[in-house]
There are 2 protein chains.
Amino acid sequence: METKILLNESEMPRQWYNLAADLPTPMLPPLGPDGKPVSPDMLAPVFPMNLIEQEVSTDRWIDIPDEILGLLRRWRPSPLKRAVNLEKYLDTPAKIYFKDESVSPPGSHKPNTSVAQAWYNKQFGIERLTTETGAGQWGSALAFACKLVGLECKVFMVRISFDQKPFRKHMMSVWGANCVASPSTETNAGRTVLEKMPDTPGSLGIAISEAIEQAVTDKTGKTRYALGSVLNHVMLHQTIIGLEAKKQLEIAGVDKPDVVIGCAGGGSNFAGLSFPFVNDKIAGADIEVIAVEPESCPTLTRGPFAYDFGDTACTTPLMAMYTLGHAFVPPPIHAGGLRYHGMAPLVCQAVVEGLINPRAYHQLKCYESAITFASTEGMICAPETSHAVACAIDEALKAKEEGKEKVILFNYSGHGLMDLTGYDAYMSGKLSDYSLPQDKIEEFTAPLQDLPPAEQHKTGKW
Amino acid sequence: METKILLNESEMPRQWYNLAADLPTPMLPPLGPDGKPVSPDMLAPVFPMNLIEQEVSTDRWIDIPDEILGLLRRWRPSPLKRAVNLEKYLDTPAKIYFKDESVSPPGSHKPNTSVAQAWYNKQFGIERLTTETGAGQWGSALAFACKLVGLECKVFMVRISFDQKPFRKHMMSVWGANCVASPSTETNAGRTVLEKMPDTPGSLGIAISEAIEQAVTDKTGKTRYALGSVLNHVMLHQTIIGLEAKKQLEIAGVDKPDVVIGCAGGGSNFAGLSFPFVNDKIAGADIEVIAVEPESCPTLTRGPFAYDFGDTACTTPLMAMYTLGHAFVPPPIHAGGLRYHGMAPLVCQAVVEGLINPRAYHQLKCYESAITFASTEGMICAPETSHAVACAIDEALKAKEEGKEKVILFNYSGHGLMDLTGYDAYMSGKLSDYSLPQDKIEEFTAPLQDLPPAEQHKTGKW
């Protein structure tokens, strides 16, 4: 029996899947500062029109241009692997499959959208992309993509990460990107913050403001901004993960998975794996789809569904989503990619519909699971990915209790080779669990009542 | 056209190839302190007898036990990739293939032998392995292997790396190994050094002495030592690389490669890829086989072929090899894995026979080539691997000059994700080239004249 199910490049999906086409209730529109729906042309200074068209599209299938397939095949199709050694260790009747997105050169699923975004920008005549990055995962994925298609890349990296985690910064330099610490002196947003707080460690909110400012103020009109998660077109590009996985499960003789699992921060790796299966669920398939988030940032499990800003600086349109409030600052857990106050609107709407079950995990359990995985399968996963691993182990143990031959599928969204300090902190006993107090959630979400309400019909029929 | 040529697990080679069976002139034996050939039982306190048997074997093919195939398939077969984007960039008629050994969980070819060694030790009743490591590549590969087969693992890591490069140390901890800084207070060798030089940065030579001492002084007899390169059985285990590559080239419709390239420090990744092709060359095939080493440590290109110790502390048997002298300390280039004074005797004998052409490269050219590779193929290679990349680019440009449709194959021995400080140093202009002065070589090799001479018949018929 093969434990790795591989596809040829010629078997790569030729279309992305758009869940917006199949959701029982239409998505609530993003709103502008006036409370009215944002029109596509209002986004034009920020994104190129070809991506804005994808953002608002309700077409079910969107063709993947051959040139993007040519970029993706540097590492795709990614392997689907069966965790036979973990199964044996757990003594479970469950079959555990995982989609290995760590094989991309930057080490995660992020390049699935960064190469697509870079290519569409290039097509539109754009010459330069700006973005923000926290620990550097998205910044390095965009740097990689810009180098491959021939765009300049400017990354505003949160200062504390810039100083403390130099490796991703070096990675971006290898791929030719210009990475600066944020707040920087290059933008009004940055200078304003620096005047007030010259020693600030920075924040993702400030970095977003800087990146957007540099994009929209470029008088040549040749600069745009790129975002690594949350938006509809990002979810779309990531669906290649689940579409490949479906083909691979078929090759493995699996009719359908019983449980599909992904960790969820902004939602993109989770959506990428799960949306094609959510489609099957809408069509009647019995599949449990689980989004796993940290207890310290429990957006889907404990936040209200409301209109909120995507960034702390309140510069983005309002989006209807589960949110802990745009001013919420999660504690500094090592799974930096899961520390987002909101969640992709497409994922949120599917949760509203009852198509996706969110679940929150503590970080100690996640690290423990990651070490179990490394000890059996041999692979060291990213701290974000450990949330999916922990849930997969729970589901496999549940299958053992129930004596059921379940098929569990999870997304191995990235490797942890750049995150070993988190493992060291865990193994040295320096980490602890943290549950967000209810009064904190109420404090940070109270201001949302002054924004337009997100009234959404919940069908809840699944 | 597929750019990645993949094999199923069922297509993995079932036997390793032993070049010792086919070398025109038999290997010179290792010698003891008395100048007489070392008998297998003299090595018994250091290595288990099943590995010693492989060390001295002249059988052409040695079966790979099913259990070892079961360990290897966690990441093997590794992909053979065609660097179509690099070819296009160079505008060369050459076809450039590379075997991607970076896909193993520790990130290099090293686990091909570490899992085999761990398994044979376990079979022999051993409970604990000791080893040394410089920057941590081999230490992490052995930690990984010991975890998978259920052995304790003790790694003596050169103190300066232990302090300055903590990530590989964390990696070893994830896989349950006990990693200590060398010199340590745990051995006589370590304590002796610490008494004289309490602030020493340590060296690979001291670490080897500590690891061997702990293995041979364990009164239970359940501890052995493991070495990551140089020895015959290590070369043997690595030949799975070249054997897979041959099958993959066949699938790609390539009759034979014209040039086979690997970087060479101790020789194992180079031997692993090239020996099966050296076998074809002995049988008459027209293949150029190139071992690339750094100009700063030019063992094969400028060292004499002589009997020398494998370690600086003179504790190993004498081996017939090209060497810069066991007391030679190469400058601190970033390609730490290529900083060895000697070279695997099997590789050396093949060089003596004229089967392999050694070549030396400067580090600036290697980093420049690595960045060209990252800019086209997208992958960031290890500093060691960059030597093979530089040579492959040279050969592709030569093919362009000659207008020849050559097939070039090189070993992508590991990724550079843990070595980004080297790239940063290069990009910041902090690195320079260094050619070893001839008088230094003469100084360090002069003492070899007091050791038994390595008189070897050079057939030179290729």
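The values are calculated or read from the model by the stated rules, or taken from the named source; none is laboratory data. Quick caveat: nothing in here was measured; it's all calculated off a predicted structure. Virtual Cβ from ideal backbone geometry, glycine too; neighbours counted across all protein chains shown. Surface accessibility is based on the protein's heavy atoms, side chains included, excluding ligands, DNA and RNA. Shrake-Rupley method; radii C 1.70, N 1.55, O 1.52, S 1.80 Å.
Points worth noting:
- Lone cysteines, chain B (no partner Cβ under 4.7 Å): B:179, B:263, B:297, B:314, B:348, B:366, B:381, B:391
- Counted over chain A, the DSSP beta bridges are approximately 35% antiparallel.
- Within the range B:147-177: backbone nitrogen closer than 18 Å to the residue A:430 label point (7 Å, Cα to C-beta): B:162-175
- Placing unit charges on the Cβ atoms only, positive for Lys and Arg and negative for Asp and Glu, gives the protein assembly as shown a dipole magnitude near 120 debye about its Cα centre.
- Partner aspartates and glutamates for residue A:219 [C-alpha distance under 17 Å; skip if fewer than 8 residues away on the same chain]: A:127, A:152, A:186, A:210
- Applying a threshold of 24 Å to the alpha-carbon distances of A:88/A:256; A:147/A:169; A:169/B:400; A:256/A:365; A:400/B:154; A:147/A:196 flags A:169/B:400; A:256/A:365; A:400/B:154; A:147/A:196 as lying beyond it.
- For the range A:393-445, the per residue solvent-accessible surface stands at 46 Å², with DNA, RNA and ligands left out and a 1.4 Å probe.
- With at most 16 neighbouring Cβ atoms within 10 Å, loop trypsin sites (Lys or Arg not before Pro) (DSSP) excluded, longest segment of chain B: B:223-403
- Computed over neighbours whose Cβ is under 15 Å from that of residue A:123, the net charge equals -1, Lys and Arg +1, Asp and Glu -1.
- Extension gain, residue B:455 back to residue B:199 (0.36 nm per residue minus Cα-Cα distance, nm): 88.0 nm
- Principal-axis tilt of helix B:111-123 within chain B, Cα atoms, nearest 10 degrees: 40 degrees
- Along the range A:61-68 the Karplus relation, 6.51 cos²θ - 1.76 cosθ + 1.60 evaluated at θ = phi - 60°, assigns HN-Hα couplings of 10, 10, 4, 8, x, 3, 5, 6 Hz to successive residues, with x for each Gly and Pro.
- Net charge of the neighbourhood of residue A:40, taken over other residues with C-beta under 13 Å away and scored Lys/Arg +1, Asp/Glu -1, is -3.
- Label points for residue A:432 are taken 7 Å from Cα along Cα→Cβ. From this copy to the others they lie 5.2 nm apart, shortest first.
- Eligible aspartates and glutamates near residue A:430 by straight Cα distance, threshold 17 Å, same-chain separation 8 or greater: A:368, A:419
- Around the Cα centre of chain B, unit charges on the Cβ atoms of Lys, Arg, Asp and Glu (plus for the first two, minus for the last two) sum to a dipole of about 780 debye.
- Within chain A, longest stretch clear of exposed GluC sites (Glu not before Pro) (DSSP loop, no more than 11 other Cβ within 10 Å): A:1-404
- Among the listed pairs B:81/B:398; A:4/B:81; B:110/B:165; A:4/B:247; B:99/B:398; A:122/B:81, a Cα-Cα separation exceeding 23 Å is found for A:122/B:81.
- Counting charges near residue B:258 (Lys, Arg +1; Asp, Glu -1) among other residues having Cβ under 13 Å from its Cβ returns a value of -1.
- Separation of the range B:126-192 from the range A:383-423 is 28 Å, based on Cα centroids.
- In this simple spin-label model, placing a label point 7 Å from the Cα along the Cα-to-Cβ direction at both residue B:329 and residue B:368 gives a separation of 3.1 nm.
- Residue-averaged 222 nm ellipticity for chain B, from DSSP H runs of 4+ at -39500 (n - 2.57), nearest 500: -11500 deg cm²/dmol
- Accessible area buried, both sides summed, chains A and B with 1.4 Å probe, Å²: 3700 Å²
- For the range A:56-108 versus the range B:313-336, the gap between their alpha-carbon centres in whole angstrom: 44 Å
- For residue B:360, the residues whose modelled amide H falls within less than 5 Å of its own, excluding neighbours fewer than 5 places apart on the same chain, are B:293.
- Position residue B:166, label points 7 Å along Cα→Cβ, spacing to each other copy in nm (shortest first, one decimal): 1.5
- Label-point distances for residue A:446 to the equivalent site in the other copies, using a point 7 angstrom along Cα→C-beta, read 8.3 nm when ranked shortest first.
- For the pair the range B:225-294 / the range A:202-239, the C-alpha centres are spaced 46 Å from each other.
- Counting Cβ atoms of other protein chains within 10 Å of each Cβ in B:167-174 and taking the mean gives 6.
- The portion of the accessible surface of the protein assembly as shown made up by carbon and sulfur, rounded to a whole percent, is 51 (1.4 Å probe; DNA, RNA and ligands excluded).
- Spin-label pair residue B:217/residue A:421, simplified geometry with 7 Å Cα→Cβ offset, distance in nm: 3.7 nm
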